[in-house]
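Structure first, then comments.
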Amino acid sequence: MDATQLRRAIARTPLAPVAAFPKRLARVARHDAKVLRASARWLVTSREHHNYTYELTKLSRHHLTWFVSVVCDIPVQQVRGYVAEIESDDVLRHHIEQATATAARRGLADKNVRYARRVGWYAIVRATRPAHVVETGVDKGLGTCVLASALLRNAQEGHPGRVTSLDINPEAGYLARVAPWSEVVDLVIGDSIASIGALDRPVDLFLHDSDHSRAHEKREFDAVEPKLAPGAILLTDNVTSTNVLAEHAERTGRRFLAYRESPANHWYPGDGIGVAW
Ligand SMILES: C[S@@+](CC[C@H](N)C(=O)[O-])C[C@H]1O[C@@H](n2cnc3c(N)ncnc32)[C@H](O)[C@@H]1O
């Protein structure tokens, strides 16, 4: 009996899991060691304690550009152009670095500017040219700046728009309180449900990124539904945790798609973009 025949014979016996144990242990140990290395590096090099920032893996970036291409029905090359646009925007990058370095919360923020899935938000705004974007959940204002940059570029091409950004924390949004980005941002402090109820202009693009509990996410989509312009696009940052937007899409006769990002060199498994349109 040769080695292959022996392995096949063992595979048919109750001893099979015991015989496979060393190989299984080596595989899971390799995986866990990678996560532990990334975690240790992050603990030493990063200051962030929530709303982590990171680069996406190359493959995850490819998938994101295709995701936007399908949702917005535009060629993938055009999406790549939008992604290159935000990533080569040195004025925005420099502003974020400077504002972070002097912010009151600088001890809890990293100097490096890393947009992750937000480049997908940028590309969607560039592709669809909304007149009114609403973002719930602002934190430092990184996403708000990305959205505002896309709106400023759209305005240069004759398609002006504004973003209303809602947060319950009065200190939120410090990155987006500086011109030229602030010129297209309306920062509203208060609970998002009340703030959505008070919106007095139709919403073309809505992004949920505030309280990520299932109940609150659902309340936001229910609250914004009567405020939407025809053909509005709904986005959620919570798509890796809940099915709320998919259920909303089904109830309201929309299509739904989800993208899951993969961070590069980070222990965090990543978030994603859910879209209903
Ligand atoms: C994940 S962060 C937002 C991240 C941001 N969109 C970005 O791109 O970096 C979540 C934010 O939601 C805010 N928030 C939590 N509950 C809220 C509520 N009920 N209404 C409005 N904002 C809320 C928090 O204060 C926090 O700043």
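The modelled label-to-label distance between Asp2 and Trp42, using points 7 Å beyond Cα along the C-beta direction, is 4.7 nm. Note on Arg24 and Leu108: their simple-model spin labels are 4.2 nm apart, each label 7 Å out from Cα toward Cβ. For the range 29-41, 3J(HN,Hα) computed residue by residue from phi via the Karplus equation (6.51, -1.76, 1.60; θ = phi - 60°) reads 5, 4, 5, 5, 5, 5, 5, 5, 4, 5, 5, 5, 4 Hz, glycine and proline entered as x.
Can you work out the accessible area per residue across the chain, with the rest of the protein chains kept in place, probe 1.4 Å, in square angstrom? Walk me through the numbers on the way to the answer.
Values: 14140 Å² over 277 residues.
Here the per-residue accessible area is 51 Å².
Taking label points 7 Å from Cα along the Cα-to-Cβ direction, Thr13 and Leu257 give a separation of 5.3 nm. Placing +1 on each Lys and Arg Cβ and -1 on each Asp and Glu Cβ, with no other charges, gives the chain a dipole about its Cα centre of roughly 1580 debye. Listed peptides 5-15, 207-217, 134-144 appear in the order 134-144, 207-217, 5-15 once ranked by packing, highest mean of other Cβ atoms within 10 Å at the front.
Using the Karplus relation 6.51 cos²θ - 1.76 cosθ + 1.60 with θ = phi - 60°, the per-residue 3J(HN,Hα) values for the range 238-249 come to 9, 6, 7, 10, 9, 10, 4, 5, 4, 5, 5, 4 Hz, with x marking Gly and Pro.
How high is the relative contact order of the range 184-277, in percent, counting Cα pairs under 8 Å that sit 6 or more residues apart? Provide the component values of the computation, followed by the final result.
Numbers: 134 pairs, mean separation 24.6, N = 94.
Value for the range 184-277: 26 percent.
Computing the accessible area with a 1.4 Å probe over protein heavy atoms, can you report the carbon and sulfur percentage for the range 3-42? On the range 3-42, the fraction of accessible area on carbon and sulfur atoms equals 66 percent.
Using helices alone, I'd like the mean residue ellipticity at 222 nm for the chain: each DSSP H run of four-plus residues gives -39500 (n - 2.57), total over residue count, nearest 500. Intermediate results must be reported in sequence, preceding the final value.
Details: 10 runs with 131 residues, N = 277.
Mean residue ellipticity at 222 nm (helix-derived): -15000 deg cm²/dmol.
Rounded to the nearest 20 debye, the dipole size of the range 3-42 about its Cα centre is 140 debye, using +1 on the Cβ of Lys and Arg and -1 on the Cβ of Asp and Glu.
State the percentage of accessible surface on the range 46-276 attributable to carbon and sulfur atoms; use a 1.4 Å probe and exclude ligands, DNA and RNA. Looking at the range 46-276 in its full context, I get 52 percent from C and S. Identify the residues of the range 224-248 with backbone N under 16 Å of a label point that sits 7 angstrom from the Cα of Asn51 along the Cα-to-Cβ direction, or state none. Residues passing the 16 Å test: 237-238. Sort out for me the Cα centre separation of the range 225-270 from the range 1-64, rounded to whole Å. Distance between centres, Cα-based: 29 Å.
Report note on the peptides 62-70, 45-53: ranked by the mean count of other C-beta atoms within 10 Å, highest first, their order is 62-70, 45-53.
Take every DSSP beta bridge whose two residues both sit in the chain, then give the antiparallel share in percent to the nearest 5. Intermediate results must be reported in sequence, preceding the final value.
On the way: 9 of 28 bridges.
That works out to approximately 30 percent antiparallel.
The values are calculated or read from the model by the stated rules, or taken from the named source; none is laboratory data. Here the structure is a predicted model, which means the values were calculated and not measured. We place every Cβ from the backbone using ideal geometry, glycine too, and count neighbours over all the protein chains shown. What goes into the accessible areas is simple: the full protein's heavy atoms, side chains included, and nothing from ligands, DNA or RNA. Shrake-Rupley method; radii C 1.70, N 1.55, O 1.52, S 1.80 Å.
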